[in-house]
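Read-outs: derived from the displayed coordinates by stated rules, not from any lab. Quick caveat, the model's predicted, so the values are computed rather than measured. For neighbour counting, all protein chains shown are included, and Cβ atoms are generated from backbone atoms with ideal geometry for every residue, glycine included.
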Amino acid sequence: MKISKNFRKGCVLALAGLLAIPCLSLMRTQAAGEIDVDARCSLTVSVDKTVLMEGEAAGNETLLQYKDDFAKVEIPVSIYRVAQVDAVGKYTGIDAFQGMDFTKLSSETTAADWMTLAEEAKGLLDGAQTKPEAAGTEHVKTAGSGSTATATFTDLDTGLYLVVPEATFNEMYTAKYVFTPYLTALPGNPYATGGGTGDDAYGTGEDRWEYDTTIGLKAAVEPQVGKLIVTKTLSNFNETLGCVSFVFEIIGRDTDGTVVYQNIISTTHDTADTQSVTEDIPAGCYVTVTEVYDGPSYTYDSPTIVSDLYIWSDAAIEAKEKGEGGAAIENAAIPVAPFVNRYDEGNRGGYGVTNQFERDEDGGWKWTTSIPVTPAPEAE
């Protein structure tokens, strides 16, 4: 039976965050006055590094460790000007974003609508043959700052900007923090955002243009996985007895000793050879592999337990190969648990079948089994 908690499903845990979309209120431009399209603007992006993730209420300490790491990261943020704005608040797309339709934007445009536009802009940015030049790139450094970390872009033209925070790993590459891209307007208008939250926040703030605005980053964390290789070598083999199976139990524990992964695997041999099984396991845990069944008429030529194998994430190994990541991952590699057996002159034959049960999306159990091999009759 596999015990994989939330890791197998690659759960994404939302970090509570500040979300402000300072968009223009096109229907209120006369009350707010005309926009000074030649004014210089600034944009501050912030993140509250002390907010807790979902899972705290359930007492899930394993998940909360990612919140702690989030207070130690550096988040690169780039901004791209996607549209210019005229004195009455009308947008016109520029460069790779010329095809975007901004004509329906108004003070009644919902947060969901703004997010849809942001996703469209991000798609155009990623798909552009010649990528537009960023209007600026800054880094939000959470380490050493107060409860809120910020970075500020200055001397910006008026217009509509796409804010693109870059995905960021923690030091050990066991967690990847990903961020939602935003569209934000310079200048902003409190009336458009209302100072509240959700789609009903519009129309309650003060109706004025703000040329220096602040937005919060919305983040999510993706726990990373890594690989473990278990090898079984037969130094010799009795063809008369036929196929033989070996069974291993894998247990992974986090740094607090909590079991976060458990599984049974096997190898089946029809000759003297080396076989390997590769398992995906939550990164950052320590694994113990135990050979729990050695096959009839075969004995051990190696220890039956391999312990304290650290699971490096695939991302850590890739970063190391690229010369990135620093000293924290300089030893990143796929761990291997090797086992060796030999024929002990016995006369018992047989093979094994490994059954595995894993939770499906509906909360039920999904059964899989290894492919059976017909055994040879026992020798007389």
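Spin-label point model (7 Å from Cα, Cβ direction): what's the residue 108 to residue 321 distance in nm?
5.4 nm
How long, wide and thick is segment 115-189, going by the Cα atoms along their three principal axes, in whole angstroms, largest first?
Projected onto the principal axes, the Cα atoms of segment 115-189 cover 35, 28, 22 Å.
Length gain on complete extension for the stretch residue 308 to residue 208, per 0.36 nm per residue less the alpha carbon to alpha carbon distance?
Numbers: separation 100, 0.36 × 100 = 36.00 nm, distance 6.09 nm.
The residue 308-residue 208 span can extend by a further 29.9 nm.
Quickly work out the residue 141-to-residue 101 label distance, labels modelled 7 Å from Cα along the C-beta direction, and quote it in nm with one decimal.
According to this spin-label approximation, the distance is 4.6 nm.
Among the listed pairs 131/320; 90/122; 72/141; 67/141; 227/320; 49/218, which have their C-alpha atoms separated by more than 19 angstrom in this model?
Values: 131/320 28 Å; 90/122 21 Å; 72/141 8 Å; 67/141 15 Å; 227/320 15 Å; 49/218 11 Å.
Check vs 19 Å cut-off fails for 131/320; 90/122.
If you build the convex hull over the alpha carbons only and average its shadow over all orientations, what do you get for segment 242-342? Give it in nm² to one decimal. Numbers along the way, then the final one.
Details: hull surface 29.2 nm².
Here the figure is 7.3 nm², rounded to one decimal.
Put a dot 7 Å past each Cα toward the Cβ at residue 288 and residue 87; how far apart are the dots in nm?
So the label points at residue 87 and residue 288 sit 7.7 nm apart.
Grab the Cα-Cα distance for residue 42 and residue 235, subtract it from 0.36 nm times how many residues apart they are, and report the gain in nm with one decimal.
Values: separation 193, 0.36 × 193 = 69.48 nm, distance 6.99 nm.
Extending this stretch completely gives an extra 62.5 nm.
Multiply the residue gap between residue 270 and residue 253 by 0.36 nm, knock off their C-alpha separation, and tell me the result in nm, one decimal place. Before the final figure, lay out the partial values.
Details: separation 17, 0.36 × 17 = 6.12 nm, distance 3.37 nm.
Answer, rounded to one decimal: 2.7 nm.
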